[in-house]
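Just so you know, all these numbers are worked out from the coordinates, no wet-lab data involved. Note that the structure is a prediction, hence the values are computed from the model and not measured. All Cβ positions, glycine included, derive from the backbone under ideal geometry; neighbour counts span all protein chains shown.
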Amino acid sequence: MSAPAPVTYIAQGGDWAEIAAAQAERADETIVVNMGPQHPSTHGVLRLELELEGETVTSVRPGIGFLHSGIEKNMEFKTYAQGSAFVSRMDYVAPMFNEAVYCLAVEKLLEVEAPARANVLRVLVMELNRIASHLVAIGTGGMEIGALTVMTIGFREREVIVDFFEALCGTRMNHAYIRPGGVSIDLPENGLAQLRSLIEWLHKHLPEYAGFCNENPIFKGRMCDVARLDLTSCMALGVSGPPLRATGYAWDLRKNQPYCDYETYDFDVITWDTADAYGRFRIRQQEMWESLKIVEQCYDRLEATSGAPVMVDDPTLAWPAQLTVGPDGQGNSFGHVKQIMGLSMEALIHHFKTVSEGFRVPVGQVYSAIESPKGELGCHLVSDGGSRPYRCHFRDPGFNHLQAVPALCEGGMMSDVVVAVASLDPVLGGVDR
């Protein structure tokens, strides 16, 4: 490849039009352009090295690692209970899914199952988080092509969801809500009322996205037949989630490999048949309605199981404040934290040891996988019998999807690169972990 001729800068008053014309004549030369490191349609810092002939992309090389946090390595020095707080910070747009897949892996090694109400709460927060994640994908993707109103209303609905998360567990992001054996806490006293208000709000406002985008000629002109990736390419590159289902293949782990009792919920797997950026957008839009359908079923189940336990009744796993307490304040032998402080020195010592030392997990290794908003999210967990993971590795869908960027972009226009990356919805916190 011959290097382009150096740009000559001349003093003020020179003929800039003549210089521009001379540069335009060099159409046969390949130009290398750095897109980033910044946020080009990503949630995190990504660098794309583009080679262009005119405005046609001839080569794309993604450069990752700018957001590396060392989460997987750090987890080898933290207890299994502390792991939930670590993994929550990977894909920080969909933190509940990181926590869920990690805890399911721990529970496989322990051979325990979370109580039924805990599973309902897990499904509830995951599906609300799926809606919030899709809102970010749709909103930021729309912003990149000039549809700013789509972004503002997207974050409006997301704000209502994170307000509910804050009322539930005290934080808007990085929740550490899902724990090995169950969840950290049940709904607050007015939790069902807040959930009902949230459901009504989403029913009222989700139709706006179809009105703004579905038949908008400018929106369709930027999205249709852009960043195509057929089923064969998806399979070869490990692509899952909405990009895979946009090829017409109905693969969703909630249906194909159920977990957390998903097989007991009524919902449809959304597919499209265009294999392009527009199909991925339509899938995310319709999946929000399916998630809302699941959330309504969770509401009915939570209403019917009020007072049921949300953590396994096992003092080696649960902190005393999470264990079941009867109406007389006695419950099991460890009681509630209020009783611990005032009545039982032994239970207080146990509480201290459980929190500080953690629990031991039998020797072995497992792989657990769930359907995150982006695709298949997996956790490979290895235990050496101690209270800390020997190895904890995650299969983040964004990491796999970034290797598909060249297939999406090469041969297309430079202006479509942002649309292609946005249609994959990568979160670099999950990629650079």
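A few points about this structure:
- Nearest 10 degrees, 0 to 90: helix 345-357 Cα axis against the chain principal axis: 20
- For region 29-34, putting each phi into the Karplus relation 6.51 cos²θ - 1.76 cosθ + 1.60 with θ = phi - 60° gives couplings of 9, 8, 10, 9, 10, 8 Hz, in residue order, rounded to whole numbers and with x for Gly and Pro.
- In region 346-395, the inverse of the mean reciprocal separation of distinct Cα atoms equals 12.7 Å; this is its Kirkwood hydrodynamic radius.
- Proximal charge balance of TYR80 [Cβ under 15 Å; K/R count +1, D/E count -1]: -1
- Taking Cβ atoms as reference points and 13 Å as the exclusive limit, the residues near GLU200 contribute a net charge of 0, counting Lys and Arg as +1 and Asp and Glu as -1.
- Here the scattering of region 177-256 is modelled by Debye summation over its C-alpha atoms, one equal scatterer each and no solvent; at q = 0.14, 0.18, 0.20, 0.26 Å⁻¹ the log10 of I(q)/I(0) is -0.87, -0.98, -1.00, -1.12.
- The phi-based Karplus calculation (6.51 cos²θ - 1.76 cosθ + 1.60; θ = phi - 60°) puts the 3J(HN,Hα) values of region 190-203 at 9, x, 5, 5, 5, 5, 4, 5, 5, 4, 5, 4, 5, 4 Hz, whole numbers, x for Gly and Pro.
- Estimated from helices alone, the mean residue ellipticity of the chain at 222 nm is -13500 deg cm²/dmol (sum of -39500 (n - 2.57) over DSSP H runs with n ≥ 4, per residue).
- Of MET96, ILE349, GLN365, farthest towards positive along the dipole that unit charges on Lys, Arg, Asp, Glu beta carbons give the chain: ILE349
- In the chain, the DSSP beta bridges split such that about 95 percent are antiparallel, to the nearest 5.
- Unit charges on C-beta of K, R, D, E only; dipole of the chain, Debye: 940
- Phi to ³J(HN,Hα) by Karplus 6.51 cos²θ - 1.76 cosθ + 1.60 over region 396-402, Hz, x for Gly, Pro: 8, x, x, 4, 5, 5, 5
- Proximal lysines relative to LYS293, as straight alpha-carbon distance under 17 Å, when same-chain residues fewer than 8 apart are discounted: LYS204, LYS255
- Listed peptides 48-56, 180-188 by packing density, highest first (mean Cβ within 10 Å): 180-188, 48-56
- Label corresponding to P(r) over Cα pairs in 20 Å bins from 0, in percent when calculated from the structure given, among [x] 24, 50, 20, 5, 0; [y] 20, 35, 21, 16, 7, 0; [z] 28, 59, 12, 0: [x]
- GluC sites (Glu not before Pro) within region 130-219, DSSP loop, no more than 14 other Cβ atoms inside 10 Å: GLU189, GLU215
- The H on the amide N of ARG179, modeled in the peptide plane, is under 5 Å from the matching H of SER184, each at least 5 residues off or on a different chain.
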